[in-house]
1. Would you tally the residues in the stretch 148-188 being assigned to a helix (DSSP H, G or I) and either more than 17 Å from Asp121 (Cα to Cα) or not charged (D, E, K, R) (or both)?
2. Taking Trp151 as meeting all but one of (1) at pLDDT below 95; (2) under 18 Å from Phe111 (Cα atoms); (3) open to solvent by 70 Å² or more (accessible area, probe 1.4 Å), write down the number of the exception.
3. Among (1) within 16 Å of the ligand (Cβ to nearest atom); (2) closer than 20 Å to Tyr114 by Cα; (3) touching a helix residue (DSSP H, G or I) at 6+ places or on another chain (Cβ under 6 Å), which single condition is Tyr21 missing?
4. From the residues in the stretch 38-60 that are within 17 Å of Val18 (Cβ to Cβ) and in contact with a strand residue (DSSP E or B) (Cβ under 8 Å, 6 or more places away or on another chain), which one is nearest to the ligand (Cβ to nearest atom)?
5. Could you tell me whether Gly80 is away from the ligand (no atom under 13 Å from the Cβ) and crowded, with 19+ Cβ neighbours inside 10 Å?
6. Which one of the conditions (1) open to solvent by 50 Å² or more (accessible area, probe 1.4 Å); (2) over 17 Å from Val239 (Cβ atoms); (3) at pLDDT 95 or above does Val158 fail to meet, given that it meets all the rest?
7. Looking at Ile216, Ile228, Ile238, which one is in contact with a helix residue (DSSP H, G or I) (Cβ under 9 Å, 6 or more places away or on another chain), outside any loop (DSSP other than H, G, I, E, B) and surrounded by fewer than 21 Cβ atoms within 10 Å (Cβ to Cβ)?
Amino acid sequence: MGIQVFVLGLLIGSFLNVCIYRIPRDESIVVPGSHCIVCMNKLRAIDLIPVLSYLFLGRKCRFCKTKIGLRYTIVELLTGLVFLLLFNKYGYGIDFTIYIILMSILIVIGFIDYDHMIIPDQLVFVATMIGVLVVLYNKKFPMYIYGTDSWYSPFLGVIIGSGSLLIISLVGMAIYRGQEVMGMGDVKIFIPIGLFLGAKMTAVTLFLSILVGAIISILLIVWGYKSIKSHIPFGPFIVIGTFVSLVWGWDLYDLWYEFVFAM
Ligand SMILES: [Zn+2]
């Protein structure tokens, strides 16, 4: 079973690459079919097999010999791995389906934010609409996804996630005189995350995103890759935080709970 899920992840990852490249350029993600972005030659089915095509074509376009970036393969493998770990956690079922949809959209958002420092509104909108469906559907099955039967958990999640970042953003603007320290995209992306994860796991996600973001930013500055003034996109850290929450969130939550009550 695991291998099928991994291959499904590779195939979806291949499509996510198309989304990552085309959405910020306002191109359609359906037409035209996959083509080399340098010579525009249409790729054949054999050129489109995740990972393998990359290895066997010698990492070059078949037509113009332009070098193909390792990035495409990394996105495919990453998506495969994400799907596999979610499958190990949830098995086949509605949770798994819902979370691979969320993570697919988030992987696209994370890489677009990394490349262009923007989180496209249309992706947040699509994720939010699916999140609303999850909330409506979940009413019939309390506890199924959120680990609680309180109906307001997803809405509280939105308030915790988006609300906290909005406050950070406003405070930052006040301190740095109008300079944006936290983009509105980061605030908005927590709307679907709140709806998909519920209050507690959204809080864990927020905590992890800020923690991982702070550690990596400090390392990048210490190692001289970034200066204290450079803008480091926060989106990728939110994506990492969400994924860690989905797979290990309740374990972390229990650890924290025990720790607090042991004091
Ligand atoms: Zn080419």
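The values are calculated or read from the model by the stated rules, or taken from the named source; none is laboratory data. Note that the structure is predicted; figures quoted are calculated from it, not measured. We place every Cβ from the backbone using ideal geometry, glycine too, and count neighbours over all the protein chains shown. Side chains included, ligands, DNA and RNA excluded: accessible areas come from the protein's heavy atoms. Shrake-Rupley method; radii C 1.70, N 1.55, O 1.52, S 1.80 Å.
1. Total satisfying the criteria: 26.
2. Here Trp151 clears every test but (2).
3. (3)
4. Filtering first and then ranking leaves Asn41.
5. Yes; evaluated as a whole, the condition is true for this residue.
6. (1)
7. Step by step, each of Ile216, Ile228, Ile238 is checked, and only Ile216 is in contact with a helix residue (DSSP H, G or I) (Cβ under 9 Å, 6 or more places away or on another chain), outside any loop (DSSP other than H, G, I, E, B) and surrounded by fewer than 21 Cβ atoms within 10 Å (Cβ to Cβ).
Residue by residue, here is whether (1) out of contact with any Leu (no Cβ under 7 Å at 6 or more places or on another chain); (2) more than 26 Å from Phe96 (Cα to Cα); (3) in the same structural domain as Val75 (by TED's automatic domain parsing) holds:
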{"position": "Ser164", "(1), (2), (3)": "no, yes, no"}
{"position": "Ser169", "(1), (2), (3)": "yes, yes, no"}
{"position": "Gln179", "(1), (2), (3)": "yes, yes, no"}
{"position": "Thr202", "(1), (2), (3)": "yes, no, no"}
{"position": "Gly224", "(1), (2), (3)": "yes, yes, no"}
{"position": "Leu246", "(1), (2), (3)": "no, no, no"}
{"position": "Gly249", "(1), (2), (3)": "yes, no, no"}
{"position": "Leu255", "(1), (2), (3)": "yes, no, no"}
{"position": "Glu258", "(1), (2), (3)": "yes, yes, no"}
